[in-house]
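The values are calculated or read from the model by the stated rules, or taken from the named source; none is laboratory data. These figures come from a predicted structure and were not determined experimentally. No Cβ is skipped: glycine too gets one built from the backbone with ideal geometry, and neighbour counts run over all protein chains shown.
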């Protein structure tokens, strides 16, 4: 399957936006009811829960940020990463398990209580801002500068998991990509004290891929952004193949891609996340990009979450 964000999610005045808006109202009512009920029994924790979230449906860079924060806190604190178990996100779970101390509970609250019982003083949550069953120490809003908040409607009329007003629940906003004054203005209109940082991805193993021709494939929330990053870094990408986010690759699909590469004399490359989702017998035939998340004013960023 090919994953594409609906075009009308960028347009406030599209016919489908108006047609689906009543369903967004129903979604909003259930969202507010659920959050109200959870807040009635919200659990206070002794440990510090640093929650990385988003309001835009899909990938905004939460998992790489969870890994980066863990790497920088683990030497001074007993910390771990918590990601609620979801069999459809097995690729991210495998990647985090290799790089962090990871818990994947059925509920976030049970995982937090388990971490607290076992002496952890800091837990980094990969997602969870829409979970009101526990108190957060610090909350980080991840945003892609090229999509922002779309048409600013909640699903299904738009891409938002919760209303824009929920920005007031976040302490920090991390915008990945180019500086965007429009997004900054929107953030500060809702939450004047929110602290804004910018980040970007750099390719760590770039030299390995220069002077070669590639077929690039990925199954992430925004495949085009991955392909643009490769081309921006002067990798010679001849063909691209897109799949849905968290796609579980079959032997047939990988064989198909490898056959194309053999016929056209191409190498094959994918994301690190997708590499963890391909069958083991093909891993020595496929390369993956190692990305490094760089945050501007990183020391200040760390001070804000300490």
Name the one entry in 57, 37, 20, 73 that is free of Cβ contacts under 8 Å to residues at least 24 places away in the same chain and not assigned by TED's automatic domain parsing to the domain that holds residue 219. 37
If residue 158 satisfies every condition in (1) at pLDDT 95 or above; (2) out of contact with any helix residue (DSSP H, G or I) (no Cβ under 6 Å at 6 or more places or on another chain) but one, which is the exception? (2)
Checking residue 249 against (1) assigned to a strand (DSSP E or B); (2) surrounded by 14 or more Cβ atoms within 10 Å (Cβ to Cβ), only one condition comes out false. Which one? (1)
Do we have any residue at all in the range 258-270 that's under 28 Å from residue 69 (Cβ atoms) and exposed (fewer than 13 other Cβ atoms within 10 Å of the Cβ)? no
The residue that is surrounded by the most Cβ atoms within 10 Å (Cβ to Cβ), considering only those in the range 169-183 that are within 20 Å of the chain's Cα centre (by Cα) and free of Cβ contacts under 8 Å to residues at least 60 places away in the same chain, is 175
Go through the range 206-244 and report how many residues are surrounded by fewer than 16 Cβ atoms within 10 Å (Cβ to Cβ) and either under 17 Å from the mean Cα position of the chain (by Cα) or closer than 20 Å to residue 92 by Cβ (or both). 2
Does the range 105-121 contain at least one residue that is within 23 Å of residue 290 (Cβ to Cβ), free of Cβ contacts under 8 Å to residues at least 12 places away in the same chain, in contact with a strand residue (DSSP E or B) (Cβ under 9 Å, 6 or more places away or on another chain) and surrounded by 15 or more Cβ atoms within 10 Å (Cβ to Cβ)? no
Return the only residue of 146, 90, 131 being closer than 26 Å to residue 36 by Cα and assigned by TED's automatic domain parsing to the domain that holds residue 18. 131
Among residues belonging to the range 184-205 that are under 21 Å from residue 294 (Cα atoms) and surrounded by fewer than 14 Cβ atoms within 10 Å (Cβ to Cβ), point out the one that is farthest from the chain's Cα centre (by Cα). 205
